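Shown next, in structure tokens, is the structure this report addresses.
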Amino acid sequence: MPTQTFVNRREGMRTQAFRNCFVPVLALLVVLPAYGQEPRTGRDQMTGVWIRASSGVDRPDISHVTAAGQAVMDAYDQATDNILRCLIDWGRLNTVSGFPMEMIVSENQVTILYEYNHSVRRVFLDQTEFPTDYPPSQVGYSIGHWEDDTLVVETRNLLAGWINMEGVAPYSDAAVATERFMLDREQRMLTVERSVEDPEYYSGPVTWTTEYAPAQFPVYPYDCTVGSYGSGLED
Amino acid sequence: MNLSKSPRKIMATLLFAVPGAVAGHHTWVVEYDRDDVIVLDGTVAEVNLTSPHSRIFIEVEGSDGTEVWAGETWPLGALYRRGLTNASLAVGDTVRVTGERARDGRPGLHLRSIYRPADEWRVWIGLRQDTGENTAEGVGDGVNQIQLEDESV
């Protein structure tokens, strides 16, 4: 029946046109709202590259240093400083300025990638107990949790190190560091309160606060080269 | 040797788009005399941008022949943010550099500035001028605005 065939063909074309137009539009309606949406929480917005907002170096008050801590400072010899062997400790990673850090927040881990020495920290969010068989390191072992949108991180398993350059503010391998990462979503500022408790070297916590702003540049390579310092120190 | 010793004063006004600093390792003050700023005219012999410290070697003609001076400076990333990249200088470029002389008498300096007269390219990579802190400013977004008022740079 030619007429019926024509009608069927026309219906078929309509159906096809409907599919061609409506389905993509429907898909767009489903997908588009996801674009341009603000991340749901401040946690999501911590992901990114951050740089210290203020100049200078953090120099926390260490007037409550113990005799043992003072003795370590008195014995400091820059010629044997690990930094000359491209080993940067947790303390100086977090007081030295100018180098950005990239934070990557995921469900079970926050990864912090420092430009300085290309140091990497993994903050485990799905753990509550520190392992007993994990080797100590310059950056230690970090466990974190969220208190609302504040990331609270505890770090142990640190090798003995320094908070500042030039033999200032040592900490022992028994030190416990606590950090609170707080994001001001409106100002896009990240405030980090840091505290080191080390009863052997200090009669109370050593604390300092650093503010970070979003960095407008990439994280550059830092291929640390032993011996690239001035001639005096590697002699 | 075309070498001008301090107190040739470098008047610099630094305007920074984003504040920031790279803390120097302790070597700066230990090794270089901030009160002994020198100016060198020469040609670039080698550029080695690396971390933690970069070096730019300058050949300087003097009455006793050619002397190679080692200009020590910041790690690669800090230099890139200040506008000094691997593409900035080429071996053979004629430059004028300023910096703090090495205390031990070797031909070395901690670089403060580099100026290439051929195209008037210049960069400031010195220490902070305001606080005297062992840090360097101007690592914000690479838009390090510099007004060097000294006639040498």
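The values are calculated or read from the model by the stated rules, or taken from the named source; none is laboratory data. Remember, it's a predicted structure, so these values are computed and weren't measured experimentally. Neighbour counts run over all protein chains shown; Cβ positions are idealised from the backbone, glycine included.
Can you list the strands (runs of 3 or more DSSP E) lying wholly within the range B:40-128 that have 1 or more residues being in contact (Cβ under 8 Å) with a residue 40 or more places away in the chain, within 14 Å of chain A (Cβ to nearest Cβ) and touching a Phe, Trp or Tyr at 6+ places or on another chain (Cβ under 8 Å)? Because the criterion is at least 1 residues that are in contact (Cβ under 8 Å) with a residue 40 or more places away in the chain, within 14 Å of chain A (Cβ to nearest Cβ) and touching a Phe, Trp or Tyr at 6+ places or on another chain (Cβ under 8 Å), the strands (runs of 3 or more DSSP E) in the range B:40-128 that meet it are B:65-73, B:94-102, B:108-116. Among residues of the range A:127-143 that are on the phi < 0 side of the Ramachandran plot and small (Gly, Ala, Ser), those with a Cβ under 6 angstrom from a residue that is outside any loop (DSSP other than H, G, I, E, B) and surrounded by 13 or more Cβ atoms within 10 Å (Cβ to Cβ), sequence gap 6+ or separate chain, pair up as A:Ser142/A:Arg121; A:Ser142/A:Val123; A:Ser142/A:Val153; A:Ser142/A:Thr155. For the range B:65-88, a residue qualifies if it is more than 13 Å from the chain's Cα centre (by Cα), closer than 19 Å to B:Pro117 by Cα and not β-branched (Val, Ile, Thr), and the qualifying residues are B:Asn86, B:Ala87, B:Ser88. Checking B:Thr73, B:Thr43, B:Thr50 one by one, the residue that is surrounded by fewer than 23 Cβ atoms within 10 Å (Cβ to Cβ) and touching a strand residue (DSSP E or B) at 6+ places or on another chain (Cβ under 8 Å) is B:Thr43 and no other. Within the range A:193-223, which residues are touching a helix residue (DSSP H, G or I) at 6+ places or on another chain (Cβ under 6 Å) and among the hydrophobic types (A, V, I, L, M, F, W, C)? Selection gives A:Phe217 alone.
A count restricted to the range A:55-88 and to residues that are surrounded by 11 or more Cβ atoms within 10 Å (Cβ to Cβ) and not in a helix (DSSP H, G or I) stands at 16.
Just one of the listed residues (A:Gln78, A:Gln37) is under 30 Å from B:Ala78 (Cα atoms), more than 18 Å from the chain's Cα centre (by Cα) and at pLDDT below 90, and it is A:Gln78.
Scanning the range A:169-189 for residues that are in contact with a Phe, Trp or Tyr (Cβ under 7 Å, 6 or more places away or on another chain) and buried (at least 19 other Cβ atoms within 10 Å of the Cβ) turns up A:Ala169, A:Pro170, A:Tyr171, A:Ala177. Checking each residue of the range B:121-131 against the condition of being at pLDDT 85 or above and hydroxyl-bearing (Ser, Thr, Tyr) gives no match. When A:Gly204 is tested against (1) surrounded by 15 or more Cβ atoms within 10 Å (Cβ to Cβ); (2) touching a residue at least 40 places away in the same chain (Cβ under 8 Å), only condition (1) is not met. Of everything in the range A:44-54 that is surrounded by 16 or more Cβ atoms within 10 Å (Cβ to Cβ) and part of a loop (DSSP other than H, G, I, E, B), the residue that is farthest from the other protein chains (Cβ to nearest Cβ) is A:Met46.
Residues of the range A:94-112 that are surrounded by 16 or more Cβ atoms within 10 Å (Cβ to Cβ) and at pLDDT 95 or above: A:Asn94, A:Met101, A:Glu102, A:Met103, A:Val105, A:Val110, A:Ile112.
One residue alone among A:Val152, A:Val192 is on the phi < 0 side of the Ramachandran plot and either buried (at least 19 other Cβ atoms within 10 Å of the Cβ) or in contact with a Leu (Cβ under 8 Å, 6 or more places away or on another chain) (or both), and that residue is A:Val192. With respect to the stated conditions, A:Val226 is in contact (Cβ under 8 Å) with a residue 40 or more places away in the chain and either in contact with a helix residue (DSSP H, G or I) (Cβ under 7 Å, 6 or more places away or on another chain) or of a type in the set (A, V, I, L, M) (or both). On the stretch given as the range A:98-149, residues that are in contact with a helix residue (DSSP H, G or I) (Cβ under 9 Å, 6 or more places away or on another chain) and within 14 Å of chain B (Cβ to nearest Cβ) total 9.
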